[in-house]
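A short reminder: the numbers here are calculations on the coordinates, not readings from a lab. Note that the structure is a prediction, hence the values are computed from the model and not measured. Because the Cβ atoms are built from the backbone with ideal geometry, glycine has one as well, and the counts that use them run over all protein chains shown.
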């Protein structure tokens with residue numbers, strides 16, 4: 001097992017290097033690094049030239065790439081062209097925000113998805129199963145940005161108006177209310193509820209269908225018949241012998257989904273003005289802030305690679321039929 | 001020391017193979033069906049319903065797999081209803097000029113931001129343009145993108161999957177690693193960068209989306225080819241001197257059509273959704289060409305004053321995608337009766 005992990009880690013180094021080349025090329029091809037200064041009407045041609053020289057933009061591309069890579073690896077991610085702040089703390093803050101939002105949504109979706117899928121599989125073709133299936137189809141077909149806008153409208157405007165409240169029950173943008181200092185759990189949750197609902201709709205649909213299919217397969221297995229034949233109670237058969245095995249494929253999926261959180265919440269974060277990785281990317285992209293985009297893409301890639309590894313390892317650990325050494 | 005990823009992939013491949021084999025064999029021979037139906041109360045092969053067997057026994061002996069699939073599809077009520085609704089939506093957007101007396105860019109400054117009425121079914125926007133007309137015309141682009149992407153992605157994916165599955169070995173390994181790579185990139189980010197590179201036109205959007213929609217077809221088709229290539233009919237074709245190309249596309253491809261059709265139907269739904277997201281974020285197709293996505297982007301800041309501008313394009317997307325997904329589910333049941341109830 002240890003050797004396997006080591007080998008996978010060593011193997012991911014060339015993958016990361018190739019990714020970094022792609023990231024660098026893609027960023028350079030899609031952003032104009034001197035856009036920020038060129039848009040300034042008072043900047044003279046000479047100043048633009050000096051700006052480019054300062055950033056090393058006129059060096060050969062290979063040299064620029066190596067320079068950037070060296071800086072990135074040693075932790076010097078540079079400063080944002082727009083806000084002039086250091087990039088590393090900015091990305092770490094955004095990442096933490098995204099992980100809070102994505103983590104919460106994952107917990108909610110998993111709980112709901114597994115419960116719904118389990119119940120559906122045990123009561124196949126029941127009324128509940130029928131409703132859950134229809135719900136899953138609607139959830140999967142829903143344009144989630146539209147759903148987010150509707151929720152904002154209902155909770156932010158209509159509900160407050162109908163109930164005659166002065167402040168809404170849940171907030172439709174940001175992380176904390178202005179004027180609150182320190183950490184207020186209730187206030188924080190009030191800001192998180194709507195984004196979490198939006199993120200969960202599709203994921204619950206996917207997880208519940210996945211769980212249902214996986215559980216139906218397990219329910220037909222020989223070892224479940226064996227468990228029953230041994231005289232175990234139905235509850236033990238279903239939960240301990242059945243569900244635990246049905247969860248294995250979902251675990252892999254969850255690991256992959258968590259890895260995607262770093263770069264995957266773009267829609268929800270933009271609509272709810274949530275300062276996570278997604279909104280950071282859209283903002284940086286809008287301003288052509290290429291140092292931010294470079295580091296952002298690398299962090300996202302690292303996340304995806306690490307969680308891919310975790311998914312494979314989890315699969316191996318949970319399914320004893322796969323042996324390592 | 002066995003490699004865990006290889007083991008994992010082998011298991012996945014086996015699963016896919018098993019599925020693929022299932023879908024090839026579970027459509028029972030018509031003879032069997034007829035024979036079983038002759039004996040009252042006889043045990044029918046799994047996946048065959050009584051009515052079908054009776055029909056077969058009553059003289060309709062020759063039915064192609066396609067006919068059988070169609071009969072099964074007709075039983076899926078949601079899919080049939082969805083088919084009708086989708087046809088109405090498609091005809092509606094194609095026949096837009098006949099259904100409305102406005103054009104999608106015609107402004108009327110005297111009646112901006114009016115709510116839905118008999119004059120303007122879906123209300124008007126800031127420039128007094130008729131929202132119903134814009135949703136109809138928007139549907140043209142959204143549907144066009146959805147179908148075009150699904151077709152192109154299916155062609156790319158099926159070709160790659162067929163080559164990987166048929167030849168196997170290092171070529172298979174290489175193609176599948178590339179597929180994995182495409183599957184693991186942060187999807188939306190890459191689409192945004194791609195649209196910045198290519199541009200915001202309809203054709204550009206179709207190209208970008210197609211480049212990131214072929215992986216599912218590739219995997220499915222590979223699984224089928226992997227299990228099919230040792231079959232007698234392939235052997236026979238090879239013995240009679242058919243070229244690899246002929247075997248891949250003429251002999252084997254027809255046998256893989258069921259799962260391919262299902263996968264590409266679901267791709268239509270996903271492509272329509274993705275196009276709307278991209279246009280909504282401002283990186284897809286740009287106004288004045290209306291699409292359901294950029295209509296929503298336009299209306300975003302008007303949500304409070306003109307909620308109808310948000311409501312209708314969103315419902316259009318939801319209903320269309322829902323219909324396509326249900327049709328995909330119906331097709332899956334039709335082509336793969338064993339897998340029923342394991343949809344999505």
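Where the centroid of each part is defined by its Cα atoms, how far is segment A:40-67 from segment B:201-224 in Å?
38 Å
Would you please state the base-10 log of I(q)/I(0) at q = 0.23 1/Å for segment A:219-275, with intensities from the Debye formula using one equal scatterer on every alpha carbon?
-0.86
Given labels modelled 7 Å from the Cα in the Cβ direction, how far is it in nm from residue A:84 to residue A:17?
3.9 nm
Can you give the FRET efficiency to the nearest 0.05 for residue B:183 and residue B:99, using r as the Cβ-Cβ distance and R₀ = 56 Å?
Details: r = 41 Å, r/R0 = 0.73.
The computed FRET efficiency comes out at 0.85.
May I ask you to order A:17-23, A:287-293, A:181-187, A:4-10 by the average number of other C-beta atoms within 10 Å around their residues, highest value first? Walk me through the intermediate numbers first.
Working: A:17-23: 16.1, A:287-293: 23.1, A:181-187: 8.9, A:4-10: 13.3.
Result, highest mean first: A:287-293, A:17-23, A:4-10, A:181-187.
Per the helix-only calculation at 222 nm, which mean residue ellipticity applies to chain A, given -39500 (n - 2.57) for every DSSP H run of n ≥ 4 and division by its residues, nearest 500 deg cm²/dmol?
-23500 deg cm²/dmol
Given the Cα-Cα distance of residue A:219 and residue A:131 and 0.36 nm per residue of separation, how much length would full extension add, in nm?
Details: separation 88, 0.36 × 88 = 31.68 nm, distance 2.14 nm.
Result for the pair: 29.5 nm of gain on full extension.
Under the Kirkwood approximation applied to all pairs of distinct alpha-carbon atoms, what is the hydrodynamic radius of segment B:127-255 in Å?
On the way: mean 1/r = 0.0594 Å⁻¹.
Final number for the Kirkwood radius of segment B:127-255 is 16.8 Å.
Using the reciprocal of the averaged 1/r over all distinct C-alpha pairs, how large is the Kirkwood radius of segment A:181-320 in Å? Before the final figure, lay out each step's value.
Numbers: mean 1/r = 0.0552 Å⁻¹.
Every distinct Cα pair counted, the radius reaches 18.1 Å.
Which shape class applies to segment A:242-313: rounded if a/c is under 1.5, otherwise prolate when a/b exceeds b/c and oblate if not, where a ≥ b ≥ c are the square roots of the Cα gyration tensor eigenvalues? Mind dumping the intermediate values first?
Numbers: a/c = 5.70, a/b = 2.05, b/c = 2.79.
Oblate is the answer for segment A:242-313, as a/c is 1.5 or above yet b/c matches or exceeds a/b.
Under the classification rounded if a/c is under 1.5, otherwise prolate if a/b is larger than b/c and oblate if not, where does chain A fall, given a ≥ b ≥ c as square roots of the Cα gyration tensor eigenvalues? If you can, show how the numbers build up before the last one.
Details: a/c = 2.94, a/b = 1.47, b/c = 2.00.
In terms of gyration-tensor shape, oblate.
Just to be sure I understand the model, the point goes 7 Å from the Cα along the line to the Cβ. What's the resulting residue A:29 to residue A:115 distance in nm?
4.7 nm
Hey, rough spin-label estimate for residue B:233 and residue B:88, points 7 angstrom out along Cα→Cβ, what's it come to in nanometres?
For residue B:233 paired with residue B:88, the spin-label model returns 4.0 nm.
Can you list, bin by bin at 20 Å, the percent of alpha carbon pairs in the protein assembly as shown, starting at 0?
In order of increasing distance, the bins hold 15, 48, 32, 6, 0 percent.
Cα atoms only: what Rg and Dmax, in Å, come out for segment B:70-114?
So, for segment B:70-114, Rg and Dmax equal 17.5, 54 Å respectively.
Could you please state, rounded to a whole Å, how far the C-alpha centre of segment A:140-158 is from the C-alpha centre of segment B:137-152?
Segment A:140-158 and segment B:137-152 have Cα centres spaced 24 Å from each other.
Could you give the angle, 0 to 90 degrees to the nearest 10, between helix A:185-219's Cα long axis and the longest principal axis of the Cα atoms of chain A?
That helix lies at roughly 50 degrees to the long axis.
How fast does segment B:179-225 diffuse by Stokes-Einstein, in µm²/s, taking the Kirkwood radius from C-alpha pairs at 37 °C and 0.692 mPa s? Spell out each step's value before the answer.
Details: Rh = 11.5 Å.
In µm²/s, the coefficient is 285.
With axes computed from alpha carbons, what is the tilt in degrees of helix A:244-264 against the longest principal axis of chain A, rounded to the nearest 10 within 0 to 90?
Around 20 degrees separate the two axes.
Just to check, using Stokes-Einstein with a Kirkwood Rh over alpha carbon pairs, what's the diffusion coefficient of segment A:55-176 at 4 °C and 1.567 mPa s in µm²/s? Before the final figure, lay out each step's value.
Values: Rh = 19.7 Å.
Stokes-Einstein gives a translational diffusion coefficient of 66 µm²/s.
Can you give the Rg to Rh ratio for segment B:55-163, taking only C-alpha atoms and Rh from Kirkwood?
Details: Rg = 21.4 Å, Rh = 17.7 Å.
Checking Rg against Rh, the ratio lands at 1.21.
If each Cα of segment B:214-294 is one equal point scatterer, what is log10 of I(q)/I(0) from the Debye formula at q = 0.14, 0.19, 0.23 Å⁻¹?
-0.61, -0.81, -1.00
Tell me the angle of helix A:87-122 to the major Cα principal axis of chain A, expressed in degrees between 0 and 90 and rounded to the nearest ten.
The angle comes out near 20 degrees.
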